[in-house]
Amino acid sequence: MGILADTVIDSGSKVIGIMPTFLQERELAHDKLDSLEIVENMSLRKQRMLKLYDVCLAIPGGPGTLEEIAEAYSWIRVGQSSSPCIFLNINSYYDLLEQFFDKMVEEGFLSLVDRKALKFVSGIDELDQLIKSYKNINNDK
């Protein structure tokens, strides 16, 4: 996350951090953010992030990354968000997860329309093009 924040800052764009108190106490905050909001817990952090984001992007990460983008994706499915949810699938990191979502459709646990709202891209150029051309699935329902 620090490298991503540095890249965004270096490009001249704005970076907002949202951190729960217990992480602030560990002094893990980035020191060059445009603003840093401290919230009580991880649930409030996610709620705040989901209200602020334009694009929910999962770069290769762990369980926390999956949990956060899964909630953002759920918000899209129920009409509470219109922003895209995208996995940056660098070096095929998310291939198995993409296959799992396809399996959900195959087994009838996820509609094809909803599945199409969750995007997987393999590079920055593809990511940029997808963001520029994104269409909200709720317009098709």
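The values are calculated or read from the model by the stated rules, or taken from the named source; none is laboratory data. Note that the structure is a prediction, hence the values are computed from the model and not measured. Ideal geometry is used to build each Cβ from the backbone, glycine not excepted, and the neighbour counts take in all protein chains shown. Surface accessibility is based on the protein's heavy atoms, side chains included, excluding ligands, DNA and RNA. Shrake-Rupley method; radii C 1.70, N 1.55, O 1.52, S 1.80 Å.
How many residues does the range 84-100 contain that are of a type outside the set (A, V, I, L, M, F, W, C) and surrounded by 14 or more Cβ atoms within 10 Å (Cβ to Cβ)?
5
Looking at Lys32, Lys119, Lys103, Lys132 in this structure, which one is in a strand (DSSP E or B) and either among the basic types (Lys, Arg) or open to solvent by 80 Å² or more (accessible area, probe 1.4 Å) (or both)?
Going through Lys32, Lys119, Lys103, Lys132 in turn, just one is in a strand (DSSP E or B) and either among the basic types (Lys, Arg) or open to solvent by 80 Å² or more (accessible area, probe 1.4 Å) (or both): Lys119.
Determine the pairs where a residue that is farther than 18 Å from Cys56 by Cβ, located within the range 109-122, has a partner that is modelled with pLDDT of 95 or more with Cβ atoms under 8 Å apart, the partner being 6 or more residues away or on another chain.
These pairs meet every condition: Ser111/Val105; Leu112/Val105.
Checking the conditions here, which among Leu4, Leu50, Leu57 is assigned to a helix (DSSP H, G or I), touching a residue at least 24 places away in the same chain (Cβ under 8 Å) and open to solvent by 50 Å² or more (accessible area, probe 1.4 Å)?
Of the residues listed, the single one that is assigned to a helix (DSSP H, G or I), touching a residue at least 24 places away in the same chain (Cβ under 8 Å) and open to solvent by 50 Å² or more (accessible area, probe 1.4 Å) is Leu4.
Listed residues Ser81, Ser43; which is open to solvent by 50 Å² or more (accessible area, probe 1.4 Å) and of a type in the set (S, T, N, Q)?
Only one candidate passes the filter, namely Ser43.
Restricting the range 17-29 to residues that are open to solvent by less than 70 Å² (accessible area, probe 1.4 Å) and at pLDDT 85 or above, which is farthest from the chain's Cα centre (by Cα)?
Result: Thr21.
Here is a list: Ile76, Ile69. Which entry is in contact with a helix residue (DSSP H, G or I) (Cβ under 9 Å, 6 or more places away or on another chain), open to solvent by less than 30 Å² (accessible area, probe 1.4 Å) and within 16 Å of Cys56 (Cα to Cα)?
Checking each option against the conditions leaves just Ile76.
In the range 1-24, what residues are among the charged types (D, E, K, R) and touching an Asp or Glu at 6+ places or on another chain (Cβ under 8 Å)?
Lys14
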